[in-house]
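Asks: Mind looking over this structure? Questions follow.
The values are calculated or read from the model by the stated rules, or taken from the named source; none is laboratory data. The structure presented is a predicted model; accordingly, all values stated were derived computationally and were not measured. So basically every Cβ, Gly included, is an ideal-geometry build from the backbone, and we count neighbours across all protein chains shown.
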Amino acid sequence: MKKTTAKANINIALCKYWGKADSVNVYPTTTSISFTLDKFYTITSIESQSNQQQHTIIINNQQANELDTLKVARFLDYFTDNEKVCVRSTNFVPTKAGLASSASAYASIAKAANQYFDKGYSDEVLAKVTRFGSGSASRSIFPNFVKWTANTDNIEMIDAPMMDIGMFVLMIDEKSKKIASTQAMELSKNTSWIYDHWVERANKQAIDMEQAIINNDFHKVGEIAQDSAMSMHMTMMSSTPSIVYFQPKTIEIMHQLLLLQQTSNQLYFTMDAGPNIKVLIEHKNKEKIYKQLKEICKGIEIIYSQPAKGAIIIE
Ligand code: PMV
């Protein structure tokens with residue numbers, strides 16, 4: 001039996017991708033910048049199988065539903081036009097809860113498929129292919145800070161050393177979200193009255209973010225990251241119908257974080273298409289901030305994570 005196994009981590013965008021300028025070619029409206037997190041990942045194995053009628057897709061030890069099977073099978077078309085295989089993906093991250101499980105999932109499938117089908121794509125090319133599985137997944141191919149430039153398929157590492165940062169993920173709700181990011185971003189693009197303003201602002205911010213990363217300027221990175229997340233959520237809320245991923249607990253904790261931010265000036269937060277909050281800090285302040293977060297996050301799991309590698313073959 002032939003088998004290849006790959007691992008990919010989720011990535012968290014400091015500058016957000018929220019909408020496609022070209023949905024056929026998957027070109028984003030905004031330049032996004034992210035880094036991967038070590039505690040959340042997907043492991044995917046691709047194995048040969050006797051059934052040559054169709055691919056078998058197993059997610060978290062269960063046969064995938066029809067839609068996910070179709071999506072993964074379509075993605076595999078970028079790697080093979082004949083052999084049908086068995087894909088087993090296990091998410092070590094809550095699935096579809098705005099924690100970018102699709103990013104680690106598709107990056108790990110791409111990495112495994114590249115090896116299994118002997119495609120020999122470089123990471124640069126593999127990232128371009130990966131965006132057809134999930135846009136944000138393309139950024140999980142690389143380590144360090146990764147930039148996906150607006151209106152293009154250019155996905156590359158930023159030429160700067162990784163900063164000594166960490167992220168507390170506040171697990172407010174692990175349930176699957178009600179509206180998938182693909183549909184939600186399309187709705188924002190088509191109906192939000194602030195969408196064009198957001199795109200213009202986001203693309204300026206990405207330039208400042210890259211410079212802040214190069215300058216190793218934690219506070220500038222944090223300020224822009226928080227603004228980017230809040231602005232993205234504003235485009236969601238101003239959509240018709242409104243998209244609200246926040247839950248009452250999200251707002252409650254956000255108020256507390258803003259207070260902490262004013263008093264200590266040592267943390268910033270970001271959010272994705274879900275209710276969970278991610279708190280960006282300098283690693284040296286980990287213990288102190290963990291204690292403060294425990295006070296305001298009673299009953300909520302707090303997971304600390306640090307920058308991770310890109311996608312790798314493990315077997
Ligand atoms: O890659 P998608 O289609 O799941 O979009 C994810 C978009 C956000 O996570 C909300 C932002 C980002 O840049 O990762």
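Asks: Which of the numbered conditions does residue 197 fail, given that it passes all the others? Conditions: (1) within 13 Å of the ligand (Cβ to nearest atom); (2) outside any loop (DSSP other than H, G, I, E, B); (3) farther than 30 Å from residue 294 by Cα; (4) not aromatic (Phe, Trp, Tyr).
Replies: (1)
Asks: Give me a count of the residues in segment 1-31 that are among the basic types (Lys, Arg) and more than 18 Å from residue 99 (Cβ to Cβ).
Replies: Total satisfying the criteria: 3.
Asks: Residues 237, 254, 232: which one is within 17 Å of the chain's Cα centre (by Cα), under 20 Å from residue 194 (Cβ atoms) and modelled with pLDDT of 95 or more?
Replies: Answer to the check: 232.
Asks: A further question on this structure: Can you give me the number of residues within segment 164-195 that are farther than 14 Å from residue 242 by Cα, among the polar types (S, T, N, Q) and in contact (Cβ under 8 Å) with a residue 60 or more places away in the chain?
Replies: Qualifying residue count, segment 164-195: 1.
Asks: Still on this structure, I have one more. Considering segment 254-292 alone, what residues qualify as being within 16 Å of the ligand (Cβ to nearest atom) and of a type in the set (Lys, Arg)?
Replies: Answer for segment 254-292, where residues must be within 16 Å of the ligand (Cβ to nearest atom) and of a type in the set (Lys, Arg): just 278.
Asks: Picking from 190, 203, which residue would you name as being more than 14 Å from the ligand (Cβ to nearest atom), among the polar types (S, T, N, Q) and in a helix (DSSP H, G or I)?
Replies: Result: 190 is the single residue among 190, 203 that is more than 14 Å from the ligand (Cβ to nearest atom), among the polar types (S, T, N, Q) and in a helix (DSSP H, G or I).
Asks: In segment 162-185, what residues are modelled with pLDDT of 95 or more and farther than 14 Å from residue 277 by Cα?
Replies: Those that are modelled with pLDDT of 95 or more and farther than 14 Å from residue 277 by Cα: 162, 163, 164, 165, 183, 184, 185.
Asks: So, one more: Report yes if residue 160 is among the hydrophobic types (A, V, I, L, M, F, W, C), surrounded by fewer than 24 Cβ atoms within 10 Å (Cβ to Cβ), closer than 19 Å to residue 206 by Cβ and in contact (Cβ under 8 Å) with a residue 12 or more places away in the chain, otherwise no.
Replies: The answer is yes for residue 160.
Asks: Next question, about the same structure. What are the residues in segment 176-185 that are within 17 Å of the chain's Cα centre (by Cα) and not hydrophobic (A, V, I, L, M, F, W, C), if any?
Replies: 176, 177, 181, 182, 183
Asks: What number of residues within segment 3-55 satisfy the criterion of being modelled with pLDDT under 95 and part of a loop (DSSP other than H, G, I, E, B)?
Replies: Selection size over segment 3-55: 5.
Asks: Might you let me know whether segment 114-127 holds any residue that is buried (at least 24 other Cβ atoms within 10 Å of the Cβ), touching a helix residue (DSSP H, G or I) at 6+ places or on another chain (Cβ under 7 Å), over 18 Å from residue 10 (Cα atoms) and modelled with pLDDT of 95 or more?
Replies: So far as segment 114-127 goes, yes, one or more of its residues are buried (at least 24 other Cβ atoms within 10 Å of the Cβ), touching a helix residue (DSSP H, G or I) at 6+ places or on another chain (Cβ under 7 Å), over 18 Å from residue 10 (Cα atoms) and modelled with pLDDT of 95 or more.
Asks: Let me ask something else about it. Within segment 120-169, restricting attention to residues that are among the acidic types (Asp, Glu) and under 17 Å from the mean Cα position of the chain (by Cα), which residue is farthest from residue 71 (Cα to Cα)?
Replies: 156
Asks: If you don't mind, there's one more thing I want to ask. Could you give me the residue pairs with C-beta distances under 7 Å whose first residue belongs to segment 196-217 and is within 29 Å of residue 283 (Cα to Cα), whose second residue is among the hydrophobic types (A, V, I, L, M, F, W, C) and assigned to a helix (DSSP H, G or I) wherever it lies, and which are 6+ apart or on separate chains?
Replies: Sorted first by the residue in segment 196-217, then by its partner, the pairs are 205/224; 208/224; 209/221; 209/224; 212/221; 212/224; 213/221.
Asks: Still on this structure, I have one more. Cβ-Cβ below 9 Å, separation at least six or inter-chain, first residue in segment 241-261 and under 22 Å from residue 191 (Cα atoms) and small (Gly, Ala, Ser), second at pLDDT 95 or above and crowded, with 17+ Cβ neighbours inside 10 Å: which pairs?
Replies: 242/236
Asks: Testing residue 251 on (1) surrounded by 14 or more Cβ atoms within 10 Å (Cβ to Cβ); (2) away from the ligand (no atom under 16 Å from the Cβ), one condition comes back false. Which one is that?
Replies: Of everything listed in (1) surrounded by 14 or more Cβ atoms within 10 Å (Cβ to Cβ); (2) away from the ligand (no atom under 16 Å from the Cβ), residue 251 misses just condition (1).
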